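The values are calculated or read from the model by the stated rules, or taken from the named source; none is laboratory data. What you see is a predicted model; the values in this text were computed from it and never measured. Cβ coordinates were reconstructed from backbone atoms using ideal geometry, including for glycine residues, and neighbour counts include every protein chain displayed.
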Amino acid sequence: MMGFTGQNIVVGYDDTTAAMAAVRWAADLARSTGSRLHLVHAWTWPLLGQGVTGIPVLDPTGPRNQAMRLLDDAAERVAARFPEVEVTAELLTGMPREALEEISDRTDLLVVGTRGLGAVMGALLGSVSRGILHDAGCPVAVIRSDQHRAGPVLAAYDGSEAAGEAVEEAADLAAAWGAVLRVIHVQAGSEGSAAGGAVKQRDDSRTCGVLEEGLARAVARHAGLEVETKLVADRTVAEGLLDAATGARLLVIGHRGRSRSPFGSTAQAAVLHATGNVAVVRPASRE
């Protein structure tokens, strides 16, 4: 299974501060994993006026060259700061969401920034449930800052296969970074509950089993990795994860949990409301 530690990392870039933070984060990951970095920018031909017959005049040369200069400048900054990383740039034709979805089918990891209304995030967070996170053909990392380096890598695990893939990808990342991996399970609806003793005992036993299963999956991936487990009780899974993710280097979640939804409400809430970096693991469409 390729993903965060695969050989190809694509970053959507739109000349915003947030997008540049995503580029730096991806470049650091590429350096840690020996991956190639590919910067892309989605561009469409603008209508710049009307001719004498009333037919719109298409003159893409200026804006297209400007967009290419943005990419080249970002690639040069990466090359100067990360000389060991192979970096390339490509101008994609089309709307951002469609362009990123298409390129996600042929890469190992797609990285995007947050904030701003540029070519990348204007399409991403405005339509999460039906946008790139819903339809991407590879894992997606949504980066808010490239400064979170001291905390653990956090993997959400609920016993589902998608969550198991998230644990494995998070283990790969933690091993590459030399970081601690923390496998977390959230007991939704447990905060402040007054469950009966027998019911609570069954719940605790089931929860311990889930955490042990997640721990075993991580250790099997990387035997020497430092792995912690943590149980969180909160009103919802999303609230528990968001609270636990404070200070984490990255929160890694599956694209869906036990529900049949292709992009679950927990993943959506985590991407929209997390204060740190979040990655959504999806099976690569090329596999």
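Checking each residue in the stretch 78-94 for being without any contact (Cβ under 8 Å) to a residue 40 or more places away in the chain and either surrounded by 13 or more Cβ atoms within 10 Å (Cβ to Cβ) or in a helix (DSSP H, G or I) (or both) picks out 79, 80.
Quick check on the stretch 224-237: of everything there that is modelled with pLDDT of 90 or more and of a type outside the set (D, E, K, R), which residue is farthest from residue 162 (Cα to Cα)?
Selected residue: 224.
Hey, can you tell me all the residues within the stretch 230-253 that are surrounded by fewer than 18 Cβ atoms within 10 Å (Cβ to Cβ) and of a type outside the set (A, V, I, L, M)? Of everything in the stretch 230-253, those that are surrounded by fewer than 18 Cβ atoms within 10 Å (Cβ to Cβ) and of a type outside the set (A, V, I, L, M) turn out to be 230, 235, 236, 239, 243, 246, 247. In the stretch 56-85, of all residues being under 21 Å from residue 21 (Cα atoms) and small (Gly, Ala, Ser), the one that is modelled with the lowest pLDDT corresponds to 67.
Filtered by the rule that a residue be among the small types (Gly, Ala, Ser) and either under 14 Å from residue 5 (Cβ atoms) or surrounded by 22 or more Cβ atoms within 10 Å (Cβ to Cβ) (or both), the stretch 163-185 gives 163, 166, 170, 171, 174, 175, 176, 178, 179.
Identify the residue in the stretch 1-33 that is farther than 23 Å from residue 164 by Cα and in a loop (DSSP other than H, G, I, E, B) and, among all such residues, is modelled with the highest pLDDT. Among those residues, the one meeting the criterion is 13. Going by the structure shown, is residue 114 modelled with pLDDT under 85, surrounded by 14 or more Cβ atoms within 10 Å (Cβ to Cβ) and among the β-branched types (Val, Ile, Thr)? In short, yes.
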